[in-house]
Amino acid sequence: MTPVLLYTGDPLASYGFGAGHPFGRDRQAAFMGQARRQGLDALALPGTPQRATDDNLLLFHTRRYVDFVRARCAEGTGFLDEGDTPAERGLEEAAEWVVGTTVAAVDALMAGDAIRAMVPIGGLHHAGRDHASGFCIYNDCGVAIERLRCHHGLERVAYVDIDAHHGDGVFYAFESDPAVIFADIHEDGRFLFPGTGHAEETGTGDAVGTKLNIALPPGADDAAFLEAWERVEAILDAHRPEFIILQCGADSVAGDPLTHLAYSSAAHAHAARRLSELANRHAQGRVLALGGGGYDRANIGAAWTAVLQALLETPQA
Ligand SMILES: [Zn+2]
């Protein structure tokens, strides 16, 4: 077994919305129930959740936006965006736990405490530097990339996103940054939020060629995913990242109530296994998996345990 840190706990589970919102507070439990049935949770090293400091948040987000989130959540009414992300009381604290925990996982891998890590209630890829979007308040993926670049001094970080939705909050924040190798396979934006992630979006300025967007049609299955996946490996091999982040949203599995892709959890297992092998070649093994979306509870269990199992079972170099 390869050493894998698994970060779960009540402060993370509490990131979610009430009143029948698809991003409920039962998502971590949906994963953990399945992980326990398979005995996987006992094979992972328990990671300790951590609340973000303001310095953590400000690595990616603006001061003005952090203040806005706190003020709106203290009021506890309305939305943080156009109508997807409710401003509920206490939610800013839960969002800070998600970010802090992803930072803790980054730091632990950089310190050599484990080879790989997973934060199931992470991967909030839609939030921008100054705005909430698509159930995402703070973008822990973006904070992780900035932490790796600014604090740990890495020169090349890879972000791979297999959530059904395009990772727009990460993409546009780093569109012109050649240090971030970005690869995203998602449902075509003509049919699904947020509507971005076209094949022509390959980065701007110095960063042209460091970004890969692959849009698949509704109904795309494992065969379509595996064909697209070859191009993800090619761009990562070409740029030799020193750290790999996988956003493994479970909403690309068939049957999700919000999307129209039709993978099985074998796609998620494949991505985690192949990225672990890529990381062995280029990144001293370092892979951080962040859960992301997923609104069918059985699919959450299946896809994220498939990822955890692959992280645990793929040999380290
Ligand atoms: Zn999604």
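Bear in mind that the values in this text are calculations on the coordinates, not laboratory data. Values in this document were obtained by computation on a predicted structure and should not be read as measured data. Please note: Cβ atoms are built from the backbone with ideal geometry, for glycine as well, and neighbour counts cover all protein chains shown.
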In nm, spacing of pseudo-spin labels at residue 63 and residue 77 (7 Å Cα→C-beta vector): 3.0 nm
Nearest 5 percent is fine: what portion of the DSSP beta bridges confined to the chain is antiparallel? 10 percent
Which order, highest average first, do 124-130, 63-69 follow once you tally other Cβ atoms within 10 Å for each residue and take the mean per peptide? 124-130, 63-69
Difference of contour (0.36 nm per residue) and Cα-Cα distance, residue 172 to residue 21: 51.7 nm
How much length would be gained if the chain were fully extended between residue 48 and residue 190, taking 0.36 nm per residue of separation minus their Cα-Cα distance, in nm to one decimal? 47.1 nm
Specify which residue in the list 208, 153, 228 is farthest towards the positive end of the charge dipole of the range 4-313, using unit charges on the beta carbon of Lys, Arg (+1) and Asp, Glu (-1), about the Cα centre. 153
Where does each of 246-258, 143-155 land if you order them by average Cβ count within 10 Å, highest first? 246-258, 143-155
In debye to the nearest 20, the charge dipole size for the chain, taken about the Cα centre with +1 at each Lys and Arg Cβ and -1 at each Asp and Glu Cβ, equals 720 debye
Report the one residue of 196, 24, 85 whose Cα lies farthest in the direction of the positive end of the charge dipole of the chain (charges on C-beta: Lys and Arg +1, Asp and Glu -1; origin at the Cα centre). 24
